[in-house]
Structures are given as structure tokens and as C-alpha cells.
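The values are calculated or read from the model by the stated rules, or taken from the named source; none is laboratory data. Please read all numbers here as calculations on a predicted model, not as lab measurements. All Cβ positions, glycine included, derive from the backbone under ideal geometry; neighbour counts span all protein chains shown. The protein model used for the area step is the full one, side chains on, heavy atoms only, and it has no ligands, DNA or RNA in it. Shrake-Rupley method; radii C 1.70, N 1.55, O 1.52, S 1.80 Å.
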Amino acid sequence: MPEPLRIVVCVKHVPDAAGERGFAADGTTDRAAVDGRLSELDEYAVEQALQVAEAVGARVTYLTMGPAQAADALRKALSMGGDAAVHVQDDALHGSDYLATSLVLAAALERTGYDLVVCGMASTDGAGSVVPAMLAERLRVPQATLAGELAVEGGEVRARRDGELASEVVRAPLPAVVSVTDQTGEARYPSFKGIMAAKKKPVTTWSLADLGIDPSQVGLAAAATVVEEVVPRPARTAGTVVRDEGDGGRRIAAFLAEQKLA
Amino acid sequence: MSDVLVLVGPADHPDPAGGVRKPALELLALARSLGDPAAVVLGTPSPEAVEALGAHGATTVWAVQVPGAGERVVAPAAAALEAVVREVGEPAAVLVGAAHDAREAAARLAVRLGAGLLTDAVDVQAGPEGPVVVQSVFAGAYVVRSRAVRGVPVVVVKPNSAAPERTGGTAAVRELAVADDGVPAAAVVERRERAGTGRPELTEASVVVAGGRGLGSGEGFALVERVADALGGAVGASRAAVDAGWYPHSQQVGQTGKTVSPQLYLAAGISGAIQHRAGMQTSRTIVAVNKDPEAPLFEIADLGVVGDVNEVLPQLAEELEARG
């Protein structure tokens, strides 16, 4: 009996986009002001991992890094399915930039072991869409990122990547890093049974020391980028709102001409 | 003056405008304010591309040969950028566009160089301690100014962040060959160019006309297209319109679709849920037409018309077409 595939899904706990998101005094995302949730775009990653597991057999582990409440994202993912979760939690991580985030996640992936790493296309807070490529670079494995369709077969992953100008089918031998878009299909809702089962699934917490990472390599002080200024944009003031009196189209045309937009 | 590298992409990229796409010309305009612009092209650029790059401010065009470029995903572009960075020494910055492949090449480059990566810039300005990157975050609720403090600043820039500038200069071509670095990459086994609609690409367009549920049916998009064509713009759609099957997902604007940042965003029958606003809020000018006076998009529109899109759009199209 062959060993089951090891799939690790990287998930992120983010401030709910429906709330008033903002910044703490040190320029980092304020994670206390708004309720957090599993990044909506990571739900597609969870779904695809579970589908691959259902198709070819796999052990699905979720991985996150973040403060204590980030464990909620792991529980949400576990309630959808999967087997176990790993939470990298360390006070020194606060304010980590892309480089440090990818360093820590890559170290955690080396420790969990993996055949396939699945990520969402972007987080819904930072929205940089760069960590999956950074993981591939650090782990020195192929990336099949921004997949709108995903399949694992015969020890390789096939993905459809829809770029701005072309649609490509790519394939790579495992191990590999993939990220998936919302085109991969709706994510399942956790069932009551799933929610109950999730409570019993193991969540392991690792510190930086467990990963052999020096705290001076991560966090705000080590960041390769620094925020100089955060300015709340004055709520974009509504301009003129008019009721169409049979001349709505003409009014827009006149406005566009005035603004030199037409 | 320090070099500012601008990734132009594969030389064989299909381009209707004669060699170089508009986002790259925008990057060159930004690069000029930071230093001496140098374009980085994978493969051998056409004479037209070299001329266009020079005429828009590039003093050098680096033609970088990377094994397997075009057939291997993202890694070759990162290798090309790294090679040029090491060749020129200490460039002031590396600027890339926001398209997936360029963004991911920047990500890999930042890891290779241990350098600060800044994503989704809407402006890059010269500062006393290096380039200052302006970002619009949390659906446009905040403007953040940041800079890299380690390594060469690697900056991903959104389309329409600057206007292309014609300098009338010429560029010297320098060749560089990169040895196979053995970095494993996924292989492209099939490639299908997007069917051309004759309209500008959504994420690059300076005018976007978008339709939503308020159109009432898929046929309503004919009106949206007519207005878009009169303005030389791209057509976008809200998630609701895409979910209803009225328009292809490739044209969806919003958090789970594409982010656009045009000079003009004209929304027809879109109420403007937060997820939609996340994808278009940095648009310079916003015009909204909706039957519902409570539509949230009116809160951020420069001009809002409360009315039926099926009456307002045809009149608008006629007016625009008459003005030619």
C-alpha cells in the first residue's frame, strides 16, 4: 500500500472585509479591531485539497502562522474536512513581512513534510498574491500558481493558469506548490458532523525555536520594508447624485466631456 | 545616476501595439523619476520594441537569454532579473507590472536578493532614503507610504499608475545570457491566447464600463459594450452578473475577480458591495447609474444618476457616438 499523499494547505486568519479594517500604532494590521475569519480565498484552497484527497487519497494538514486567534482559521478549515493542523505562533512574528512569512512557512513545511502545498490565490487583507511563489523559490520546487483548475495524477500536478493574455495548462512533478483561484469551484460548507469532528482533530503549535529560526530574522524589526505613513483616506466623498429626468445619458456625456474623459 | 530596472517580459509576448504593452511604458515613466530606466526583456526584442522602449525613456534594453523561457513557469523571469541586478551592481529599484507572472517573478527575485518587496503600488516617488511606494489598501480606505530598508527595492506597480511619456530617446541593446540554474519549474504544456475582442485588456484599460445585476439580463451587456466602445474602454462585470452567466468570469471586477484602477470607471446597474468596491475603488473618476438611490456605489461616485440603465445607457451611447 503506497503512502498517502501529504497535502499541506496554507491558510490565513484575516480581519473580516465587511468590518472597518485599520492599522495599529506600529503600522501593522490591527487584528483586534475587527472579527477575524479564514480568508475567503483560502476556502477554495481547502476545497481543492479535499477534492484531491478524495480522488487519490491524501492526508490533509492545514498550516497557519499568526497570533492565538489564528487558530480559528485552522478550526474552520478542519470543520470542512482534513486531518490535522499546525499553528506557528510566536510573539516575535508580529509585523513579519512577505520575506519573513515565507521563511517561516517554508521551515514549517520542511518540518511537516509535503508532496503538495496548496494556497489561496491571495489573502483578502494584504492581497499581495506573492507568498506561494516565494514558498516555491525557498523550497526549490515547481510552482503551478493561480490555477483555475487543478488535478493530481501519477505523481504530477496539472493546472490551468488563466493569465491576462493567455490561458495555459502547466504540469509539474510533485512535490510542488500550487495556488488556486475562485474559479476552481465553490467551497463546501462545514456540516454539523464536520464541526463536531474538527474539535477532536489535533492542532499542533510550533514556536520559532521549534523551527530553528532565530527571532531576529522575523517580525517588525527585521522587516525588509517599513511603513513610513498610514493616512486614512477621507471617505471618498460622494459627488453629485442626480435623478434621471430623461436626460441622464446626456448629463453623463457632458460630465465626461468636462472632465476630458470623452 | 542609478539604474532602475523595468521588467518588460518575454519578447514573444503577443502585443497588438507594436512590441511593448502600455503597462511597461507606464513603468518607464515612473522609472525616469527615480533614475536611469533600463528595460529587461526575456529573449530577443524586436527592433520595434527596442525603438518603443527607447522612445519612452529606456536608455538600455537588456536582452536576457534564459534557458526554457516561455516553457517554464515564472522562474526564468526571476532568473533574468537577478542576472541584470547582479550585472549592474546596485540598481535603485526594480519595477514590475501587476500581472500574475510579473508579480510572481518579483516575489521570487525578492527572496533571491533578500530584498524588500512592495506590492500594488499606485505611485512610486523619489525619496531621500530611496523610492517611496504609495499603496491604497483595505479597499481604498487607507493610503500607505512605505519603502524598502534592505536590498534593492522590488516594486509591483498597478496599471494606470503613471502616464507613458514620450522622450524621443534611443536605447542601447545589451545582451546577457543566464546559465541554467536548475531551479525546478512547472512546464507549460498548452497555451491558448485569449481571443481578442478588439477592446483593451481589462486590468490595463484607462476606461472601464461595467455592468451588474441591474441590467436585468445578459442582453443588457450589449448596451455596456456599446458605451465601452464609444469610450475606447474595456467591459467589466460584477460578480452577480457573472454568477448569473451574463458575462465571462475573465471580466469580473472585485475581490475575487480582477482589480482595476482606470481613469474612468462607469458602473451600470451595480449596487457596489464591499467586495466589488475592493476591485475598483482606486479608479480616478467613478460614474454610477442605478435605479436604487440607496446603492452604496453612489457614496463614492463622482457623478451618480438614479435611473434605469436601459434608458440612460442608450442615450449616453448616442451622445458619445455623435461627438465621435
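Restricting attention to the range B:67-89, the residues being more than 13 Å from B:Val152 (Cβ to Cβ) and either of a type in the set (Phe, Trp, Tyr) or in a loop (DSSP other than H, G, I, E, B) (or both) number 6.
For the range B:34-58, what are the residues that are surrounded by 20 or more Cβ atoms within 10 Å (Cβ to Cβ), in contact (Cβ under 8 Å) with a residue 40 or more places away in the chain and at negative phi?
B:Leu34, B:Ala38, B:Ala39, B:Val40, B:Pro45, B:Ala49, B:Val50, B:Leu53, B:Gly54, B:His56, B:Ala58
Residues that are within 16 Å of A:Pro132 (Cα to Cα) and more than 7 Å from every other protein chain (Cβ to nearest Cβ) were ranked within the range A:161-175; the one that is surrounded by the most Cβ atoms within 10 Å (Cβ to Cβ) is A:Arg161. Give the residues of the range A:133-160 that are open to solvent by 10 Å² or more (accessible area, probe 1.4 Å), touching a strand residue (DSSP E or B) at 6+ places or on another chain (Cβ under 9 Å) and either assigned to a strand (DSSP E or B) or more than 7 Å from chain B (Cβ to nearest Cβ) (or both), sorted by residue number. Matches in the range A:133-160: A:Leu139, A:Glu149, A:Leu150, A:Ala151, A:Val152, A:Gly155, A:Glu156, A:Arg158, A:Arg160.
Within the range A:161-173, the set of residues being closer than 23 Å to A:Leu116 by Cβ and out of contact with any strand residue (DSSP E or B) (no Cβ under 6 Å at 6 or more places or on another chain) comprises A:Gly163 only. Only a single criterion out of (1) closer than 23 Å to B:Val96 by Cβ; (2) modelled with pLDDT of 95 or more; (3) hydroxyl-bearing (Ser, Thr, Tyr) is not satisfied by A:Thr124, namely (2). Restricting to the range A:1-26, name every residue that is closer than 17 Å to B:Ala139 by Cα and touching a residue at least 60 places away in the same chain (Cβ under 8 Å). Once the filter is applied, which keeps residues that are closer than 17 Å to B:Ala139 by Cα and touching a residue at least 60 places away in the same chain (Cβ under 8 Å), the range A:1-26 yields A:Val14, A:Pro15, A:Ala17, A:Arg21, A:Gly22, A:Phe23.
Only strands (runs of 3 or more DSSP E) whose full extent lies in the range B:90-156 are considered here, and the ones with at least 2 residues that are within 20 Å of the chain's Cα centre (by Cα) and without any contact (Cβ under 8 Å) to a residue 60 or more places away in the chain are B:117-125, B:132-137, B:142-148.
If I go through the range B:161-200 residue by residue, how many of them are facing another protein chain (nearest Cβ under 7 Å) and either without any contact (Cβ under 8 Å) to a residue 40 or more places away in the chain or not charged (D, E, K, R) (or both)?
The number of residues fulfilling the criteria is 10.
Counting only strands (runs of 3 or more DSSP E) that fall entirely inside the range A:162-250 and contain at least 3 residues that are of a type in the set (Phe, Trp, Tyr), no element qualifies. Restricting the search to strands (runs of 3 or more DSSP E) fully inside the range B:203-273 and requiring at least 1 residues that are over 26 Å from A:Ser167 (Cα atoms) and at the interface with chain A (Cβ under 10 Å from one of its Cβ atoms) gives B:264-268. Within the range B:284-308, the set of residues being more than 7 Å from every other protein chain (Cβ to nearest Cβ), part of a loop (DSSP other than H, G, I, E, B) and either closer than 24 Å to B:Ala141 by Cβ or free of Cβ contacts under 8 Å to residues at least 12 places away in the same chain (or both) comprises B:Arg284, B:Asp292, B:Pro293, B:Glu294, B:Ala295.
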